[in-house]
Structures are given as C-alpha cells and as structure tokens.
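Visitor: Handing you this structure, nothing more for now.
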Number of protein chains: 2
Amino acid sequence: MVSRRKALTLAGVGVAGAAGVAAAASVLSGGGESATASGTAADAITFYGEHQAGIVTPAQDRLHFVAFDVITKDRADLIELLQKWTAAAARMTAGHDAGVIGAVSGIAEAPPDDTGEALGLPPSGLTLTIGFGPSLFRTADGVDRFGLAARRPAALDELPAFRGDALKPEISGGDLCIQACANDPQVAVHAIRNLARIGFGKVTMRYSQLGFGRTSSTSRAQATPRNLMGFKDGTNNLKAEDGDLLTEHLWAAPADGTQWMAGGSYLVTRKIRMVIETWDRTSLGEQEAIIGRNKGEGAPLGHAKEFDQIDFARKGADGGPAIAMDAHVRLAHPEQNGGVRLLRRGYNFVDGSDALGRLDAGLFFIAYQRDPRKQFVPVQRGLAKSDTLNEYIRHESSAVWACPPGVTGPQDFWGRALFA
Amino acid sequence: MVSRRKALTLAGVGVAGAAGVAAAASVLSGGGESATASGTAADAITFYGEHQAGIVTPAQDRLHFVAFDVITKDRADLIELLQKWTAAAARMTAGHDAGVIGAVSGIAEAPPDDTGEALGLPPSGLTLTIGFGPSLFRTADGVDRFGLAARRPAALDELPAFRGDALKPEISGGDLCIQACANDPQVAVHAIRNLARIGFGKVTMRYSQLGFGRTSSTSRAQATPRNLMGFKDGTNNLKAEDGDLLTEHLWAAPADGTQWMAGGSYLVTRKIRMVIETWDRTSLGEQEAIIGRNKGEGAPLGHAKEFDQIDFARKGADGGPAIAMDAHVRLAHPEQNGGVRLLRRGYNFVDGSDALGRLDAGLFFIAYQRDPRKQFVPVQRGLAKSDTLNEYIRHESSAVWACPPGVTGPQDFWGRALFA
C-alpha cells in the first residue's frame, strides 16, 4: 500500500517506485473535527466525526462538485457502493491512494485501484461530503427505487420554482452528490475521478463543476474573499465558531423528525451565471447601490467597516435609506428574513466562453442549513422577487440534498442509518 | 491609483478603501527575466524584457488561456488596443489594478477600470503572453485585413491536418491569444477578464480555457508533475536553464527571415481530451508499456530513474525492446525526431462532464518553439501515425500563434515591430 503522504515524508519529492511502503494507518483514525481549525493548507482534515467534514471546515480554495444518477436498480449494490466510497474517501482525505493496491502496486496485470495523478501530493485539506437527492427516495412507475420512499425527510422537498429561474435540467438535480474541496485542485479532481471510477456501472455522472475561488468564509480566522462581481461575499455567513447558531440553523436534530439525518445538514446548490460584461460597464456607484456595500472595504453603505452591525434605518446624504430597499444585502440579511441563517461555501467558476463571446462565469452557490423550507426557500423567494442584482445574474441549475451525519469510524459508512 | 500589492503591504489584509495609495511604480520597471527564477509563489514576475514572460518562466500552477477574434476592421483601432492591453498587462503582472483609476476609485459615476475580484491578492506570479494567429495576416475577399499580409512569418503556417484529429472549429484558431499563468486562478481569471473588458467592441472572445495543474516543468528547480493519466509528464522538456538549446530550438532569430519576430517564439496549442474512463480500466502493465515509463518513479522502462539517459536499444526480459517501438516516450523523443525539441507548458483541465456521464478532462497542450514546421509538425505526424496512446486521447482543438518578442519598456507595446 503506497501512502502519498508517507512517500513524501520518506522520499522528499516524488513517490516510492516500488510497493511496500507501509501506510501511516494512524492517520485514518482519530475523531472529531477540531483538527480542521489549525494546520497548514497541505494537511489532512479528519474524515471521521459527528458531522461530515466539508461543511464547517474552513473553506478550502478549490472545489470539484459532482452529481450522480444511480443506474443500478439493486439496493444491495447501492449500499455496497456507499461502503466502498466511504472507505476510499477515508483513505484519500488522509492523503492515501484510493485503494489498498494503489496506483503503482507492481501488479502489472490489473488496472490500478488509484489513478495516480495525486501521487506525491499532500492531503491538501481534502474533504469529501456526500448528499442524497429527493429522486433517490422516489417511487417511479409504482416502484420504490431503493425502498427508501418512506424514509425521505420532509425537509428534502424539491425546491419550488423561483421567479426568473433559467434552470437547465441536465445540470440540475441528481440522486447523489459529492462535494470535494481541497487546497489543490488536482487533489479534488483526483478524488472525484476515483469515486466515479469505483462507481462505474452503478452510477453515471450527471454533471460536474469545478470552482476555483471560495466566495465565503466559514471561519472567523479567514478573510472574506471576493466573488466575480469584485465584491466581498459572505461577510455575515454562519461560521464554524457560531456554536449555538449552528445548532439552531445548520444541523438537523432528532426533533426534526428524521432520525437518520440527526447531525446531518441540508444542502442547496445553484449555479448562478453572472452577466459580467454588463456588470463591468455599470458605474461604481450603481454597483455599490445594488449590493448595498462599498466595493473597497465591503462596508455596508453609510457605515465604515465591513463587520459593522448594519443599521438598515440609516439615512443617506439624500435623505433616503443609505442601503436601498431593494439592495442585495438588505434582502438577504437575516434581519429581513425572520432571523434565518445559512452556511454558505460557494465557489467562483469560469467554464470557458459562450457562443456570444462572453465568459461563462459566475458563482456556484453552496448553502448548508437545517431546513431549506424555512431557510433557503423564503430568502430566495424574496431575492427573486425584488433584488436589483437579478438583472446581472441567472440561476442555471438547482438541486437540494440531504447530507447525512458524519461517519463515526471504519465500521460505519455514508448513509448507514438511512439503510438500517 | 490603488496598488493591490501596496495595499497588502500597508494594510496587512484587505485593501485600502479609498483611492490615493501611491503605486509602487518601481515594480513596473526593471528588465530581464532573471527575477523569475527565485522568489515566492506570490511574487511578481518582471513584465519587461527581451522575451515575453510566460515562456521560460518556471511554470505556474494555473492557466487561463483565451483566443480572441478581432471584430474591428480598423488597423489603428487594433494598434490602440494592443497599446492599452500592454499597459494593463504591465500593471496587472505587477499586482496593480488593470487601470489607473482602479476598482474602488471613489468615482461613483463611471464604471471602474478594474473589476475588483483580485483586490487584496498578491501578484501571484502572473504572466501574460500574447500571440498572433495566421488569420490576423489573412487577405479576406481581396482585402488585407490589417495590412499585415506581407508580414506573416513563413513559420506561421496553418498546421496541417493530422491523422485522427477530431477538431472543433469553434475552439480552434483565432486572431489573437493571451496565455495567463499564475499561482492563483483568481488572479489569472481577473487578468483575462479585464483584457476582454478593455477589448470590448474591438475583439470578441472565441474560446477560453482554464487549466488547473501544470503538466510540465520549465525549470530544473521544479519537480516533474503528473498529467491526468497519472504519469509524470515533460521529463525531457526544454527548460529555462538550457541556454544554447533555447537559442537553437525556442527563440526566433533574425536569420529566420522575419525581423519583427526576433526574440519571439511560436506557440502551438491543442486541447487533448483523454478518455480517462477507458484508461482507468487498463492494466498497470499496459499503461506503462504505452507510455514507455513506469508509473511510480517515471523511469523509462528497463531503466532505474526518471532522468536516466534513455537507451532505446535496451532489451526487456522477453528479449524484445524494453521500450516498445510504438511507446509514447520513444515516438516523442528528440532522438527519434532528428534532435528537435519543444518547450511544453501544458495544463490539466476538467470541463465538467459530457452527455455520456464521463469527465470532460485531459491536457491543454502548450508548446513553444522556433519553427513549428520543423518541430511540432513532424513530431505530431509521427505520434498521430503510430502512438498507441491515440486510443485514449483525442485532439479537439488546434491553433498556432506567433508570439512576438518581449516589451522592452513603457514606450514599447505588444507587436510594435509588427506594425512599424
């Protein structure tokens, strides 16, 4: 078994050519998520714990998100896949090859059980987070696909249509999703590719999205990054340090009615295309009025600093509200939404250019929450109705996922309680 | 004028909210390329010099490559654009905003002359490298588009068709290209986006490609990276330290017949899709035989170490050649190609997934050379004819570019000698 991490330590650069380097198995054990708060960008994030990693984990710089359709009709097949995936995820997040044989086993007759492009790279903060889509629980043509229909959480409702939605079905929905976040895109891509390889014949890739720059902080230790509109994004995001708020707004609880989801969270993903060429020809004053913050500091208009408590009643120089009634920051703010909060960890994307010669760019929106019916849905309804930003953005994909609680150890697997 | 770099230095984190921070103009001067060999991943690469940066510069980790079509028909317009682009490139590679007003000037009535998403980010090793495509020199309907027909270098021939080519015209060719390389993708994307913004109405984006992992080393100080087949790539690449070889194989010379190209280089770009799902089901032994190297160490088959001088006559255990006659490393090797060399600096890409549920992934091939007719073309002819790797790859795009010499100072601009 070749350990990418161990090989690095032993050989300095590159990887041991022959098999037989003992794995640092201890990396695979150890619980909790506390390790995520410290360490370097190259370190491993603990896989096992009460919650899945990749939610409150300080947002890594790169994303590879993938949605799968399940093509096997066999429940046992699906369970076996989840077990294999979990084992591979535990290995890869610790910086190992996806399987015990590895990419360079010396077994010439068999395909490697790792594809090799991450050989020599450190764990790079990789997290792998799984979600189950509503379609997995669907009864199709009178058949309960995997015997899960009765187990669908009420909170896993399909999202309603929102005003202005321009959704493409082929990049929306899906039975399963995996969010791979890492500080090295090659490590994130390697992980998704190997999970897809392991799933061959049982799942097929529905869509796949790379993101290159995080657009939210999920820890107070992180500076607020900028989205492709050039503005700081996620200033008021829920963060890892918000203990009680996380209990209230992020983690599903036994009292919510679905026992297998306790400790899990619900994920909404939306691909939001930005019409950046139009945005770029908009004056600075108008951009700032639309967002409700200034561009340099990120301070709410009429305020001095990014993290100033926002006073929405404050007047501007013209006697009107400093922050317009239809400014994005006002409409999205908890104060305007009955106090509901989201934990966002979206990423900037550029997918080449379109037929009109414009960059196909924007935000891949990712938000975790306890119940989308009470959080994302009402907030998005308000934004879809009134946000002046809508002139510059277009929601092109949509999905909702139930992300189960964390895997507690090597005997456990992703979704075990769902199938129990 | 807001300097991203200066703001960082002064404020630690974030950016000065108001205008008026003096630019570190000294960063913009200074010649040569020697600064590229040292420094950290966040430092600036010198823009001015005899050759364009981004060729022998140690390959940065991320790519945003874009091809433009020129839509203005006016030669003066095109020259003005090249001047504006050069000025913006000098600024951005030094870590400044694209224009002197900047993203957060405080001039509320005008669109910012920088889009802002790189505010607070360091220069990140950004290089911007321009190339001119054959179509820029074309006579269309009896009209010499920009009066350049007589100035087309002979070496800038359109590439011939190669066996197995599956080219998509919409992502091939182009009048102008810009290669942005940086250690932070947000910085590379920001640069391309701002050049496109400056070119609005004069050029339109033909295609745009992000790459996330360099697949070649261009300096002996860099470890050899891995491509998405999991193999080390570019071991025998031309490198910055290869002084005489660069003169012979990389830089166009006055003796080549096109004076305005002296000190420049010719660039071939090819998007090479990998059928990675099929590759991943191929045995380790077969993968290694196809490449001609082992996967772990990257050593030529029958040899011990990656950089061992390859003995193509060496026999394997079965008495046949250790490196097969149709192995990739043999067919691509200078020894099998009359000694010709290329300087490659390609990148891995993943562009989501295709309609069959497979990752749309591969290598965006980038190779610089003195004359493609004598270098890329004969090598690729040999590969296209015999390489067993062809079963797993597909060339989907192709372009050739004349990259002029470096910009010598603020009075100079990209392509000045071409239009003189």
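Visitor: Only residues that are surrounded by 24 or more Cβ atoms within 10 Å (Cβ to Cβ) and farther than 17 Å from B:CYS177 by Cβ: list them for segment B:45-56, please.
Guide: Across segment B:45-56, the qualifying residues are B:ILE45, B:PHE47, B:VAL56.
Visitor: Restricting attention to segment A:296-316, which residues are within 11 Å of another protein chain (Cβ to nearest Cβ) and within 26 Å of the chain's Cα centre (by Cα)?
Guide: A:GLY298, A:GLU306
Visitor: Which number in (1) at positive phi; (2) facing chain B (nearest Cβ under 10 Å); (3) at pLDDT 95 or above marks the one condition that A:GLY357 misses?
Guide: (3)
Visitor: Also: If A:THR215 passes every condition in (1) free of Cβ contacts under 8 Å to residues at least 24 places away in the same chain; (2) within 25 Å of B:ARG214 (Cα to Cα) but one, which one does it miss?
Guide: Of the numbered conditions (1) free of Cβ contacts under 8 Å to residues at least 24 places away in the same chain; (2) within 25 Å of B:ARG214 (Cα to Cα), the odd one out for A:THR215 is (1).
Visitor: Still on this structure: Which of the residues that make up segment A:128-181 are touching a Pro at 6+ places or on another chain (Cβ under 9 Å), in a loop (DSSP other than H, G, I, E, B) and among the hydrophobic types (A, V, I, L, M, F, W, C)?
Guide: A:LEU159
Visitor: Tell me the residue from B:THR72, B:THR40 that is surrounded by fewer than 15 Cβ atoms within 10 Å (Cβ to Cβ), modelled with pLDDT of 60 or more and in a loop (DSSP other than H, G, I, E, B), please.
Guide: From the options B:THR72, B:THR40, the qualifying one is B:THR40.
Visitor: Related question: (1) under 17 Å from B:VAL407 (Cα atoms); (2) within 18 Å of the chain's Cα centre (by Cα); (3) within 14 Å of another protein chain (Cβ to nearest Cβ): which one isn't true of B:SER124, the others all being true?
Guide: (1)
Residues are listed down the side, and each one gets a yes or a no for (1) modelled with pLDDT under 90; (2) more than 30 Å from A:ARG220 (Cα to Cα); (3) part of a loop (DSSP other than H, G, I, E, B):
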{"residue": "A:GLY17", "(1), (2), (3)": "yes, yes, yes"}
{"residue": "A:ALA76", "(1), (2), (3)": "no, yes, no"}
{"residue": "A:TRP85", "(1), (2), (3)": "no, yes, no"}
{"residue": "A:ALA103", "(1), (2), (3)": "no, yes, yes"}
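Visitor: Here's a check for you: in segment B:287-319, which residue that is in a helix (DSSP H, G or I) and not small (Gly, Ala, Ser) is surrounded by the fewest Cβ atoms within 10 Å (Cβ to Cβ)?
Guide: Here the answer is B:GLU288.
Visitor: For B:LEU343, only one of the following conditions fails: (1) crowded, with 18+ Cβ neighbours inside 10 Å; (2) within 14 Å of chain A (Cβ to nearest Cβ); (3) more than 30 Å from A:SER208 (Cα to Cα); (4) among the aliphatic types (A, V, I, L, M). What is its number?
Guide: Of (1) crowded, with 18+ Cβ neighbours inside 10 Å; (2) within 14 Å of chain A (Cβ to nearest Cβ); (3) more than 30 Å from A:SER208 (Cα to Cα); (4) among the aliphatic types (A, V, I, L, M), only one is false for B:LEU343: (2).
Visitor: Assess whether A:GLU117 counts as being closer than 22 Å to A:ASN194 by Cβ, out of contact with any Asp or Glu (no Cβ under 6 Å at 6 or more places or on another chain), within 12 Å of chain B (Cβ to nearest Cβ) and at pLDDT 95 or above. Spell out the reasoning first.
Guide: Details: closer than 22 Å to A:ASN194 by Cβ: yes; out of contact with any Asp or Glu (no Cβ under 6 Å at 6 or more places or on another chain): yes; within 12 Å of chain B (Cβ to nearest Cβ): yes; at pLDDT 95 or above: yes.
The answer is yes for A:GLU117.
For every residue, the table says whether it meets (1) more than 8 Å from chain B (Cβ to nearest Cβ); (2) buried (at least 24 other Cβ atoms within 10 Å of the Cβ).
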{"residue": "A:ARG197", "(1), (2)": "no, no"}
{"residue": "A:GLY211", "(1), (2)": "yes, yes"}
{"residue": "A:ARG214", "(1), (2)": "yes, yes"}
{"residue": "A:THR218", "(1), (2)": "yes, yes"}
{"residue": "A:GLN222", "(1), (2)": "yes, no"}
{"residue": "A:GLY230", "(1), (2)": "no, yes"}
{"residue": "A:LYS239", "(1), (2)": "yes, no"}
{"residue": "A:LEU246", "(1), (2)": "yes, no"}
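Visitor: Could you list all residues from segment B:248-280 that are crowded, with 23+ Cβ neighbours inside 10 Å and touching a His at 6+ places or on another chain (Cβ under 6 Å)?
Guide: If the condition is that a residue be crowded, with 23+ Cβ neighbours inside 10 Å and touching a His at 6+ places or on another chain (Cβ under 6 Å), then B:ARG270 is the only one that fits.
Yes or no, residue by residue, for (1) touching a strand residue (DSSP E or B) at 6+ places or on another chain (Cβ under 7 Å); (2) acidic (Asp, Glu); (3) surrounded by fewer than 22 Cβ atoms within 10 Å (Cβ to Cβ):
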| site | (1), (2), (3) |
| --- | --- |
| B:PHE365 | yes, no, no |
| B:PHE376 | yes, no, no |
| B:GLU396 | yes, yes, yes |
| B:GLY406 | no, no, no |
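So that you can scan it fast, the table gives a plain yes or no per residue for (1) more than 14 Å from chain B (Cβ to nearest Cβ); (2) in contact (Cβ under 8 Å) with a residue 24 or more places away in the chain; (3) closer than 21 Å to B:GLY213 by Cβ; (4) of a type in the set (D, E, K, R):
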position: A:ILE55; (1), (2), (3), (4): yes, yes, no, no
position: A:LEU63; (1), (2), (3), (4): no, yes, yes, no
position: A:PHE68; (1), (2), (3), (4): no, yes, no, no
position: A:LYS73; (1), (2), (3), (4): yes, yes, no, yes
position: A:LYS84; (1), (2), (3), (4): yes, yes, no, yes
position: A:ALA90; (1), (2), (3), (4): yes, yes, no, no
position: A:ALA98; (1), (2), (3), (4): no, yes, yes, no
position: A:GLU109; (1), (2), (3), (4): no, no, no, yes
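This table checks each residue for (1) farther than 23 Å from A:THR258 by Cβ; (2) modelled with pLDDT under 95; (3) of a type outside the set (Lys, Arg); (4) buried (at least 21 other Cβ atoms within 10 Å of the Cβ).
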| residue | (1), (2), (3), (4) |
| --- | --- |
| A:PHE137 | no, no, yes, yes |
| A:GLY142 | yes, yes, yes, no |
| A:ALA150 | no, no, yes, no |
| A:PRO153 | no, no, yes, yes |
| A:GLU158 | no, no, yes, no |
| A:ASP165 | yes, no, yes, no |
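Visitor: On to the next question. Here is a check on your reading of the model: is A:GLY201 surrounded by 23 or more Cβ atoms within 10 Å (Cβ to Cβ), within 12 Å of chain B (Cβ to nearest Cβ) and under 29 Å from B:SER353 (Cβ atoms)?
Guide: No; evaluated as a whole, the condition is false for this residue.
Visitor: Whether any residue in segment B:260-270 is assigned to a strand (DSSP E or B), small (Gly, Ala, Ser) and modelled with pLDDT of 95 or more is what I want to check.
Guide: Yes, the conditions are met somewhere in segment B:260-270.
Visitor: For segment A:172-189, what are the residues that are facing another protein chain (nearest Cβ under 9 Å) and either over 30 Å from A:GLU117 (Cα atoms) or in contact with an Asp or Glu (Cβ under 7 Å, 6 or more places away or on another chain) (or both)?
Guide: Residue satisfying the conditions is A:GLN186 alone.
Visitor: Considering only segment B:267-288, how many residues are more than 7 Å from every other protein chain (Cβ to nearest Cβ) and free of Cβ contacts under 8 Å to residues at least 40 places away in the same chain?
Guide: Going through segment B:267-288 one residue at a time, the tally reaches 2.
Visitor: So B:GLU335 fits all but one of (1) within 26 Å of A:ALA118 (Cα to Cα); (2) more than 14 Å from every other protein chain (Cβ to nearest Cβ); (3) out of contact with any helix residue (DSSP H, G or I) (no Cβ under 9 Å at 6 or more places or on another chain); (4) not aliphatic (A, V, I, L, M); what number is the exception?
Guide: (1)
The values are calculated or read from the model by the stated rules, or taken from the named source; none is laboratory data. Note that the coordinates shown come from a computational prediction; the quantities given were computed from them, not determined experimentally. Positions of Cβ are backbone-derived with ideal geometry, glycine not excepted, and every protein chain shown enters the neighbour counts.
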